[in-house]
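Remarks on the structure that follows.
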Amino acid sequence: MICLKIFIIFISALSLIIISNNIPIENTSPFKPKIDYDNSLTSLACSIEKYFGINPLHKTLPYIDNLFLEKKPENVILLLIDGLGSKIMEKILDKNSFLIKNMKKEIYSVFPPTTATCLNSIKTGLNPSEHGWLGWSTYVPVINKIINLYVNSEKGKREIDQDFVEIKDKYYYNKKTITELITEKDEYLAFELNCYPHNVDRNIDTVFQRILETLKIKGKKYIFSYYPEPDDILHIKTHKSQEAINEIKKINSKVEKYSKLILEHENTMLIITSDHGHFIPNKKRITTHKINQYLRDKRVFIENRSPAFLVKQGNEQDFAREFKKDFGKDFYLLSKKEILDYKLYGEYSEGNKHELFENSFGDFMAISKDSRNKALLGETDRNMGSYHGGYSDDEIYIPLIVVSN
Ligand SMILES: [Zn+2]
């Protein structure tokens, strides 16, 4: 009798496996955009624009607007710490640490949560659909190449791409930054102190000393600065490493030390945020999968956690079918139309859509499901420990830390 029961259970389980293998894997729940651009890096930038007399193109962040109204700071400093998402901060720092105690709220990054895209939003007050920096690597239709925008080279190649160099100012450096707009208006002062990716000072003491020097200049002013860690350490070693823990604790104690010195200057507000968090995924290389045969370029781009694909004409349906079979559990597959309909890259204000926007993110893009931990690597992608650019809470939430006198 017991043997018969076990046999029936075994047969039932086997039939379930057979049935489930025959069911096409579809996205089980529909994709929902999570990033609220009215509560993001863009809106933080817009609050700063408004306070310094520049007309913002998007909604401002009410929390910061109210603080500006209440405190009327003469000096506004915005320090962006690369890779220090709020979830990582909470994992590593204790609740009495300076950064956690002074975190007023969490805000959203922009999509995709990656340095190139986020830095351009915080520096211009524009959504990605307007500044056109759609990921670390973007398809540039006017030269028909996938380009790593900040390094001026084709994805997977080391040398500078001359075709891109010829068009980059026209398409990717044609938007004015907030510091440029304030300086142009000539009513207040504005400074950008540690410019990414060139001339980046990696010494946190020097980063703060330059802020302190600039504070000596008289007049109402905006100071933007940037610190490149813990991003590099997280990519290589992940947040579980002692090196990353030490770096984040060091950042916390340096910010605590230097904010005391900064606040010795009257009417000063120091705002600290980040561009994105980090996520440790399992990696799958698409070159061993069937979808590879349908691609007109074997490289994926935008981000490994939100990979975009250039698909051979006429093979779109085959690609989508095979992708969902192999990766549908871990990723939503969105067509170009869906990416636009969901406003994944944010709204664009009238007349401000980036000239190449709609033709720069490929034919399909896969968006990582929140709790699923995969990254897709194409032909030229190197293996890293930790990634960002996906849609998990770990990647999209960033801290809003404010200290003022
Ligand atoms: Zn970054």
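Within region 243-258, track down each residue that is surrounded by 22 or more Cβ atoms within 10 Å (Cβ to Cβ) and either away from the ligand (no atom under 16 Å from the Cβ) or not β-branched (Val, Ile, Thr) (or both).
Ala244, Glu247, Val255
Test of understanding: among Pro56, Pro113, Pro73, which residue is surrounded by fewer than 23 Cβ atoms within 10 Å (Cβ to Cβ), outside any helix (DSSP H, G or I) and touching a Gly at 6+ places or on another chain (Cβ under 9 Å)? Give the derivation first.
Values: Pro113 fails: surrounded by fewer than 23 Cβ atoms within 10 Å (Cβ to Cβ); Pro73 fails: touching a Gly at 6+ places or on another chain (Cβ under 9 Å).
None of the others qualify; the one that does is Pro56.
List the number of the failed condition for Lys176; all other conditions in (1) within 16 Å of the ligand (Cβ to nearest atom); (2) in a loop (DSSP other than H, G, I, E, B); (3) surrounded by fewer than 18 Cβ atoms within 10 Å (Cβ to Cβ) hold.
The single condition Lys176 does not satisfy is (1).
Specify which of the listed residues (Ile160, Ile167, Ile147, Ile143) is away from the ligand (no atom under 16 Å from the Cβ), farther than 30 Å from Glu243 by Cα and without any contact (Cβ under 8 Å) to a residue 12 or more places away in the chain. So that I can check it myself, show each step before the final result.
Numbers: Ile167 fails: without any contact (Cβ under 8 Å) to a residue 12 or more places away in the chain; Ile147 fails: without any contact (Cβ under 8 Å) to a residue 12 or more places away in the chain; Ile143 fails: without any contact (Cβ under 8 Å) to a residue 12 or more places away in the chain.
After applying the criteria, what remains is Ile160.
Considering only region 221-251, state which residues are in a helix (DSSP H, G or I) and either modelled with pLDDT under 95 or under 22 Å from the mean Cα position of the chain (by Cα) (or both). Reasoning before the result, please.
Let us first name the residues in region 221-251 that are in a helix (DSSP H, G or I), namely 231-237, 242-251.
Correct list: Asp231, Asp232, Ile233, Leu234, His235, Ile236, Lys237, Ala244, Ile245, Glu247, Ile248, Ile251.
Step by step: first the residues of region 179-219, then only those that are in a loop (DSSP other than H, G, I, E, B), hydrophobic (A, V, I, L, M, F, W, C) and closer than 21 Å to Glu266 by Cβ, then the one that is modelled with the lowest pLDDT. Which residue is that? Before the answer, list the steps.
Step one: filter region 179-219 for residues in a loop (DSSP other than H, G, I, E, B), giving 186-188, 193-203, 216-219.
Among the residues that remain, those that are also hydrophobic (A, V, I, L, M, F, W, C) are: 193, 195, 200, 217.
From what's left, closer than 21 Å to Glu266 by Cβ: 193, 217.
Values: Leu193: 95, Ile217: 98.
Filtering first and then ranking leaves Leu193.
Please enumerate the residues belonging to region 297-340 that are of a type in the set (D, E, K, R) and buried (at least 21 other Cβ atoms within 10 Å of the Cβ). Walk me through how you get there before you give the answer.
First pass over region 297-340, keeping only residues of a type in the set (D, E, K, R): 297-299, 303, 305, 312, 316, 318, 321-322, 324-326, 329-330, 336-338.
Matches in region 297-340: Arg299, Glu303, Arg305.
Do we find that Asp82 is surrounded by fewer than 24 Cβ atoms within 10 Å (Cβ to Cβ), modelled with pLDDT of 95 or more, within 14 Å of the chain's Cα centre (by Cα) and within 16 Å of the ligand (Cβ to nearest atom) in this structure?
Values: surrounded by fewer than 24 Cβ atoms within 10 Å (Cβ to Cβ): yes; modelled with pLDDT of 95 or more: yes; within 14 Å of the chain's Cα centre (by Cα): yes; within 16 Å of the ligand (Cβ to nearest atom): yes.
Considered against the rule, which asks whether it is surrounded by fewer than 24 Cβ atoms within 10 Å (Cβ to Cβ), modelled with pLDDT of 95 or more, within 14 Å of the chain's Cα centre (by Cα) and within 16 Å of the ligand (Cβ to nearest atom), Asp82 comes out as yes.
Is there any pair linking a residue in region 106-133 that is at positive phi and more than 9 Å from the ligand (Cβ to nearest atom) to one that is among the hydrophobic types (A, V, I, L, M, F, W, C) and outside any helix (DSSP H, G or I), with Cβ under 8 Å and at least six apart or on different chains, and which?
Gly125/Ile54; Gly125/Leu57; Gly132/Leu356
Provide a single number: the residues in region 193-231 that are without any contact (Cβ under 8 Å) to a residue 60 or more places away in the chain and on the phi < 0 side of the Ramachandran plot.
Number of matching residues: 21.
What's the total number of residues in region 265-285 that are buried (at least 23 other Cβ atoms within 10 Å of the Cβ) and more than 23 Å from Ile233 (Cβ to Cβ)?
Number satisfying all stated conditions: 1.
Residues that are of a type in the set (D, E, K, R) and either without any contact (Cβ under 8 Å) to a residue 40 or more places away in the chain or within 27 Å of Val142 (Cβ to Cβ) (or both): does region 382-393 have at least one? Before the answer, list the steps.
Filtering region 382-393 for residues of a type in the set (D, E, K, R) gives 382, 393.
Within this subset, residues satisfying the condition of being either without any contact (Cβ under 8 Å) to a residue 40 or more places away in the chain or within 27 Å of Val142 (Cβ to Cβ) (or both) are 382.
Yes, some residue in region 382-393 is of a type in the set (D, E, K, R) and either without any contact (Cβ under 8 Å) to a residue 40 or more places away in the chain or within 27 Å of Val142 (Cβ to Cβ) (or both).
Being farther than 15 Å from Leu84 by Cβ and among the polar types (S, T, N, Q) is the filter here, so list the residues in region 242-258 that pass it.
Pass one, region 242-258, residues farther than 15 Å from Leu84 by Cβ: 242, 257-258.
Residue satisfying the conditions is Gln242 alone.
Looking at the structure I just gave you, is Val142 modelled with pLDDT of 95 or more and either farther than 30 Å from Phe68 by Cα or of a type outside the set (S, T, N, Q) (or both)?
The answer is yes for Val142.
The values are calculated or read from the model by the stated rules, or taken from the named source; none is laboratory data. Here the structure is a predicted model, which means the values were calculated and not measured. Cβ coordinates were reconstructed from backbone atoms using ideal geometry, including for glycine residues, and neighbour counts include every protein chain displayed.
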